[in-house]
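To start, the structure under review is shown below, and the notes come after it.
Read-outs: derived from the displayed coordinates by stated rules, not from any lab. Predicted model only: the values in this text are computed from it and were never measured. Cβ sites come from the backbone with ideal geometry, for glycine too, and all protein chains shown count toward neighbours.
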Amino acid sequence: MPTPKAPTNDLVTSEATAEEGELWVPGVGDHYGQWRRGDRNVSQQHLPKNLALRRVLYGYPELMSLTPADVALKRIPNVEPVATGVTSVSGQVLRLNGKPLVNATLSIGERQVKTDDNGEFTLSPVPSGRQILVIDGESATIGEQHYGRYEYGFNVEAGKPNLLPFVIWMSRLNPQTLKIASPTQGDTVLSNPQIPGLELRIPAGMVIRDAHGKIVTEISMTAVPVNQPPFPLPHINVPVYFTVQPGGSHLEGINAASAKGAQIVYPNYPHAAPGTRMTFWDYDAAKRGWFEYGQGTVTADGKQVMPDANVRIYEFTGAMITTMAPSTNAPSAGRRIAVARQPIRSIPIRACSSIMKPTWRSPTSYRSGSVAVTARPMTPAAPSVLVRTCPTTCS
């Protein structure tokens, strides 16, 4: 019979863990299209101190008290940000539990700044036109709490404050990582039991380098709730979302024959019939936004969606699939579709980070099968990221 003190301590520990709320682990129900956390108003625990940014994110409360007479007499407060002639970008970075992420680094070109104690930042001055905002959470690391790196492309208007109309949500990365050989010795498959059916397949002879050119030998895969992404998802249903880190990494082949690019195998969460053809999409932060880059097919067992042999990715800024068949109305490469709002029956899956195009490209395909699993969990629990390496082409 436990003493009264023991359960009290256990309760405090559980509450503290739940309050932290940063390592989101999807449950069985999340594997059927509900890939989200339930805390809808968690972001409003720490409202931006920048009043203009707060209005963009949460509305204009001062307008709610206006009377018909106020409107008739035009006694309406000016709620728009004042144009200062300086081009700037402001936003707020929060953790999944709604608390600010302090010291995260935001940059556009050579201009960079760290978030303050409320998770807010302002980059000023910055260039106008289409820019890439780099969101780097590594500088906010405390102990074993690590955060990822992401890239978001958007248009910056000149001569005024540009206020991001979304919260930048930063998931705490999975503490379990995988060691991989460099270059890869065989066809390597990365998977995560928290996202059944999802696989990242890297061919033999590939070297992974991070955004600073350093060779990567450890990779993590982390589930991210779709209602708390680091930047907005497309305007279609997104039943699963994940990040591979370190973000900003790119794949290089050791020769022309090995520079095949990587492939993503998706879980068939909506249970589409075997043989169903699906469209593969990617995200280009620099120019194109969302674009169609190939096709894939639901496997005979109905569990996964396999890309065609030549359907490969070189960037991880975003990826998804839909059941929408290709048509003459589908956007061509180079045309942005970030605002595709028309109804689409879809099964999108998004990945964050970056893998850039290598020097060489080859259409040669590879297949991967099951062999020994090699993993290096950081805790005694079952590894949450798995690596399978095929010394030769597997069937």
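Considering amide H positions built from the backbone, and no H for Pro or chain starts, which residues 5 or more places from A262, or on another chain, come under 5 Å of its amide H?
Placed amide hydrogens put I313 under 5 Å from A262.
Testing the spin-label approximation: label points 7 Å from Cα along Cα→Cβ at K114 and R277. State their distance in nm.
Going by the 7 Å Cα→Cβ label model, 5.3 nm.
Tell me the net charge near N50. Cut-off is 13 Å between Cβ atoms, N50 excluded, with +1 for each Lys or Arg and -1 for each Asp or Glu.
+1
Which of K49/K114; K114/K179; K49/K99 have a Cα-Cα distance over 20 Å?
K114/K179
Between R130 and E218, what is 0.36 nm times their sequence separation minus the Cα-Cα distance? Round to one decimal in nm.
28.4 nm
Which order do peptides 121-131, 273-283 fall in by mean Cβ count within 10 Å, highest first?
Listed from highest to lowest mean packing, they are 273-283, 121-131.
Full-extension gain between A309 and A181, please, as 0.36 nm times their residue separation minus the C-alpha to C-alpha distance.
So the extension gain works out to 43.7 nm.
With a point put 7 Å past each Cα toward its Cβ, work out how far A158 is from A300 in nm, to one decimal.
Distance between label points: 6.0 nm.
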